[in-house]
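Engineer: First, the structure itself, so that you have it in front of you.
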Amino acid sequence: MPTMNAAVVTSFDEPPHYLPFEAPHPSTPEEILVDVLAVGLHPRVRSGAAGAHYTSTGALPMIPGIDGVGRRRDGTRVYFVAGDDDLGTMAEAAVVDPRRAIELPRDVDAATVAATMNPAMSAWVALRRRVAMAPGRSVLVLGATGNAGTMAVRIARQLGAGRVVGAGRDPQRLQALIAQGADEVVALTEDAEATGRALAAAAADVDVVLDYLWGAPAQQAMMALLMGRADRSRALDWVQIGAVAGPTLELPSVALRSANLRLQGNGQGAVSTAAYLAELPSLVERISDGTLALTAAPRPLSDVETVWATTDPPGRRTVLVP
Ligand SMILES: NC(=O)c1ccc[n+]([C@@H]2O[C@H](COP(=O)([O-])OP(=O)(O)OC[C@H]3O[C@@H](n4cnc5c(N)ncnc54)[C@H](OP(=O)(O)O)[C@@H]3O)[C@@H](O)[C@H]2O)c1
């Protein structure tokens, strides 16, 4: 049985270990085998490896990694998304379904693509596939201080938003968003009432909310915005993308009756694979020309166990290189 080296999760309570694992093989004539070049260590990868993502099957052992850059036998490189949650991308080789892959231009850096695609994709796809992002519309990014939130501020601006407001906890990262394209920032503090007033003052009349938080801060923000709107019958498109502040919130029925709140999500399942794929080439172009790139922090895959415990500083994403 041919084997390869991989990051292997043997218990959901432990980081992955670098171990030999049975090499994968294509199961349909369309699938191909690639040598993996770079894999981003995204929050979604961590939740999958902890058995905590909504797509988790609970099966062990599993290989984490939801996407990556690989080299085909002919030497060309692809960005691809894993089709299987149990056999992920953090390995020397992976099976790629061409319907989940796009070829990369020669000049784009593999680690930068692996670092940037997942955080950038969230707002890019939300604003192109979930809501009609006509030029001049206004956007609030809730949870704007993380990598995906910061990308969302930049992407909203690049896609023609007339006004962009960023809200988050960390005061320094928040201020830095002004240089990234935010017109105004709002601090999310322990004082829920003051935070609600500040959010309403800055963003009550926005057209779109890109929500990376959910949980209590999103609940408070939702009511503050709805109650503060000048015209409550004007649509407010709320796109749920991340849940770093909690998996659930309480939604009073009045939120839906007293205002034109349109609640939806953006993620695997909410958007088809074909729609995601159609958006990827234009994102790669922006990564390639530097307009949307995150700084990749490459580390050998063999270090996965120690790397797992580290936190990326703002603007950087760890990328594992087999
Ligand atoms: N659906 C999709 O397509 C998609 C794609 C990409 C990412 N996501 C999701 O989006 C989320 C963020 O991803 P990321 O790549 O940006 O992660 P990241 O770079 O690790 O950033 C996470 C940020 O969340 C902030 N945060 C954590 N708890 C918070 C709270 N209670 N209130 C306010 N801010 C809080 C942290 O802010 P501080 O600076 O204050 O610590 C940190 O900046 C994750 O849930 C991820 O799974 C979804």
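Engineer: Name the single residue, out of those in the range 159-197 being closer than 23 Å to N260 by Cβ, buried (at least 17 other Cβ atoms within 10 Å of the Cβ) and hydrophobic (A, V, I, L, M, F, W, C), that is nearest to the ligand (Cβ to nearest atom).
Structural biologist: A167
Engineer: Which condition does D13 not pass, out of (1) farther than 16 Å from A94 by Cα; (2) touching a strand residue (DSSP E or B) at 6+ places or on another chain (Cβ under 8 Å), if it passes all the others?
Structural biologist: Here D13 clears every test but (2).
Engineer: Right, here's the next one. Kindly indicate which of A235, A255, A230 is modelled with pLDDT under 95, more than 16 Å from the ligand (Cβ to nearest atom) and farther than 29 Å from V81 by Cβ.
Structural biologist: Within the list A235, A255, A230, the selection yields A255.
Engineer: Now for a separate question. Quick one: is T145 part of a loop (DSSP other than H, G, I, E, B), within 21 Å of A296 (Cβ to Cβ) and within 16 Å of the chain's Cα centre (by Cα)?
Structural biologist: Spelling it out, T145 is indeed part of a loop (DSSP other than H, G, I, E, B), within 21 Å of A296 (Cβ to Cβ) and within 16 Å of the chain's Cα centre (by Cα).
Engineer: Quick check on my filter: what residues within the range 56-78 are within 16 Å of the ligand (Cβ to nearest atom) and either charged (D, E, K, R) or surrounded by fewer than 14 Cβ atoms within 10 Å (Cβ to Cβ) (or both)?
Structural biologist: D67
Engineer: Another question, then. Can you name every residue in the range 300-321 that is surrounded by 17 or more Cβ atoms within 10 Å (Cβ to Cβ) and either without any contact (Cβ under 8 Å) to a residue 24 or more places away in the chain or under 20 Å from R106 (Cα atoms) (or both)?
Structural biologist: V319, V321
Engineer: Also, I was wondering about something else. Does any residue in the range 80-101 that is closer than 16 Å to N118 by Cα come within less than 6 Å, Cβ to Cβ, of a residue that is part of a loop (DSSP other than H, G, I, E, B) and hydrophobic (A, V, I, L, M, F, W, C) six or more places away or on a different chain, and which pairs are these?
Structural biologist: Close Cβ pairs satisfying both conditions: A82/I66; G88/A82; T89/A82.
Here is a yes/no grid of residues against (1) touching a Phe, Trp or Tyr at 6+ places or on another chain (Cβ under 7 Å); (2) aliphatic (A, V, I, L, M):
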| site | (1), (2) |
| --- | --- |
| T248 | no, no |
| L263 | yes, yes |
| A275 | no, yes |
| S282 | no, no |
| G290 | no, no |
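Engineer: Which residue is modelled with the lowest pLDDT, if the candidates are limited to the range 273-295 and must be within 13 Å of the ligand (Cβ to nearest atom) and either in a strand (DSSP E or B) or among the hydroxyl-bearing types (S, T, Y) (or both)?
Structural biologist: T273
The values are calculated or read from the model by the stated rules, or taken from the named source; none is laboratory data. No experiment lies behind these values; they were computed from the predicted model shown. Note that each Cβ is placed from the backbone with ideal geometry, even for glycine, and that neighbours are counted across all protein chains shown.
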